[in-house]
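Please treat every number below as a calculation from the coordinates, not as lab data. All values derive from a computational prediction rather than experimental measurement. Counting neighbours? That spans all protein chains shown, and the Cβs are built from the backbone with ideal geometry, glycine included.
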Amino acid sequence: MLLHHEFVRSAKKFEKKLAVIDRTLGRRVTYKKALIGSLVLTNKFKQYEEGFLGIMLPNTVGTVLSVLATVMSGRIPVMINYSTGAAANCEFAQKKCAFKTIITSRALLEKVGCPHIDGMVYLEDIMKSVSFFDKIRAALKSGLSAESIIKKIHQGEENDTLLILFTSGSEKEPKGVQLTHKNISSNYESLTKAYFFNSDDIFLANLPYFHVFGQTANLWVPVAEGMTVVTYANPLDFKTVCEIVREEKVTLMAGTPTFFWGYLRNSKKGDFDSCRIILTGADKCPDALRKGFIDKHGKVLLEAYGATETSPAITVNTPEFNRPGSVGRPIEGVRVRIENYETSEECAVGEIGKVLVKGDNVMKGYFDDFEQTSLSIRRGWYDTGDMGYMDADGYLWHVGRLKRFLKVGGEMVSLIKVEDVLEKLLPPDVECCVVEVPDALRGAKIVATVTQQIDEKAILKKMSEQLPSIAVPSRFVVLPEMPKTGSGKIDFRTITERVRDIVQGR
């Protein structure tokens, strides 16, 4: 399946239907207009160098059409994170993938405080350059049959790279993940079977398009299925997002626990009545958040698990098969193996080990990084770097990154487990993150980061009743705002650096 071809087929089948409701710019675009717009941009993008084309744009109809046009013109979109360090991210992507042109917008640069970078081309200027003749030519082409249009745009193979996304960089320098048409289309087909996606669905697209879930669930799944996408550029604008869900009668939405806490606190009863599927992932879903949505809205948050390298879905909970606390069962076509992190032998049911994944959703590899690709994919199995276990019914229980386990006094301690205990003892409005700090005597010590001052003595006493003494934090550090990546995940790398500086007095 070539996904840009599927968009053309959907556009011809659902010409009069709304393809994109752009709540950022206040535009409503039908599939017919989306097809014409993407054909106009396809012709414009052909003037740029072949190969990679950077895209740094917020969630708008212009971004959807730009990604489609990039692929339709035979280029490969390199999605760039603008949420933090936009300028540095642009230069990193240009250098890593050896390209120059980045499609962006002046409005975005002004909003995020990013200077002009050599190679930037502004979407506002591209749209001003569109002539009456350009529009007529695209409109005439859009009037052809779907298969005739497909013959006039880029062809390609299903194993060709569809796009490049960068890993979050929450732990180390970002890597360029090459995802193919086959990777994402296999995920689309499996998720459609799990959640019964159909063309009547309305998908909220508030996850940034530089994030893998934004790409798969908020772009390619909807346009391949003929859904309506509701774009909004700021998932942290909690009150507005809740209003959008209510007003546009959104049926599908997804986000991180951070986002859903905001939606829970800023929503009114009835805001989520139209939603039939609400997915949460990227970080562990707290029991209190799950309970909050049931109590206030009568809606079940379905926890899922995935990675940029797996396009993204690996396991999902569904309305029919949901085990709260787990991250669900493997989607169709995906195999999960739990492997002992020392012996590499397969773990027994209930035994914690490394989570390995095999399937058509596993990436082509890291761009220009054969060594890291070889370390991450062995005999077809992708090593997620996560730890977990399978229960007797095939549900996966995620217990944290392998890097978030440490040895203290010869014993393995899960920082996720420490966080889980701490989180339940804190007031609902206090966030926490537990990190490792080097210690000259013990090798490592555990430090808990919280967003407000707390009664440390009382908390530590309760924690010591539930954890072995080596797992109890040695001290607390207050960070008024917990650093997060643009997709809403906890930024462990930044937090660890800040905490180490504080603890070591730098």
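Before moving on, here are some points about what is shown:
- Dipole of the chain computed with +1 at Lys/Arg Cβ and -1 at Asp/Glu Cβ about the Cα centre; of Q504, G350, L302, farthest Cα towards the positive end is L302.
- Computed over the chain, the per-residue total of -39500 (n - 2.57) for DSSP H runs of n ≥ 4 gives a 222 nm mean residue ellipticity of -10000 deg cm²/dmol, rounded to 500.
- The modelled label-to-label distance between R265 and L375, using points 7 Å beyond Cα along the C-beta direction, is 3.8 nm.
- Applied to segment 412-419, the Karplus parametrisation 6.51 cos²θ - 1.76 cosθ + 1.60 on θ = phi - 60° returns per-residue 3J(HN,Hα) values of 7, 10, 8, 5, 5, 5, 4, 4 Hz, with x for Gly and Pro.
- Rounded FRET efficiency, nearest 0.05, which uses the C-beta distance separating D134 from S199 and R0 of 35 Å: 0.75
- Residue pairs, from the table K417/K462; K269/K489; K111/K484; K95/K354; K269/K299; K291/K403, whose Cα atoms sit over 23 Å apart: K269/K489; K95/K354; K291/K403
- Matching label, Rg and Dmax of the Cα atoms in Å computed from the structure shown, candidates [x] 23.2, 70; [y] 23.1, 74; [z] 24.8, 84: [y]
- Residue order for W381, W220, fewest other beta carbons within 10 angstrom first, comes to W381, W220.
- Computed from Cα positions, the angle between helix 3-13 and the longest principal axis of the chain comes to roughly 60 degrees.
- When the charge dipole of segment 1-152 is built from unit charges on Cβ atoms (+1 for Lys and Arg, -1 for Asp and Glu) and taken about the Cα centre, the candidate among N43, S83, M56 whose Cα reaches farthest toward its positive end is N43.
- With the charge dipole of the chain set up from +1 on Lys and Arg Cβ and -1 on Asp and Glu Cβ about the Cα centre, the Cα lying farthest toward the positive end among the listed residues L18, M227, F166 is that of L18.
- In terms of surrounding Cβ atoms within a 10 Å radius of their Cβ, R23, R493, R290 rank from fewest to most as R493, R290, R23.
- Residue exposure sequence - C432, C275 - by fewest surrounding Cβ within 10 Å: C275, C432
- Between the beta carbons of D237 and K151, assuming R0 = 35 Å, the FRET efficiency works out to 0.25 to the nearest 0.05.
- Backbone HN-Hα couplings from phi across segment 496-503 [Karplus 6.51/-1.76/1.60, Hz, Gly and Pro as x]: 4, 4, 5, 5, 4, 4, 5, 5
- Estimated Rh, segment 199-349: Kirkwood, alpha-carbon pairs, angstrom: 16.2 Å
- Net charge contributed by nearby residues that have their C-beta within less than 10 Å of K296 (K/R +1, D/E -1): +3
- Applying 0.36 nm per residue to the separation of A288 and I470 and subtracting their alpha-carbon distance, the gain on full extension is 62.8 nm.
- Point-charge dipole on Cβ atoms (K/R +1, D/E -1) for the chain, about Cα centre, debye to 20: 1220 debye
- For the pair S344 and F321, label points projected 7 Å from Cα toward Cβ lie 3.0 nm apart.
- Note: relative contact order over the chain, using C-alpha pairs below 8 Å and six or more positions apart, is 11 percent.
- Net +/- balance of residues flanking N361 in space, Cβ distance below 12 Å, scoring K and R +1, D and E -1: 0
- Fully extended contour minus Cα-Cα distance, from E247 to E351, at 0.36 nm per residue: 32.8 nm
- Normalising the average separation of contacting C-alpha pairs (under 8 angstrom, six or more residues apart) by the number of residues puts the relative contact order of segment 200-329 at 20 percent.
- Full extension of the chain between E456 and D118 gives 116.6 nm of extra length, using 0.36 nm per residue less the Cα-Cα distance.
- Residues whose amide H lies under 5 Å from that of A444, counting only those 5 or more places away or on a different chain, are D439; hydrogens are built 1.01 Å from N in the peptide plane.
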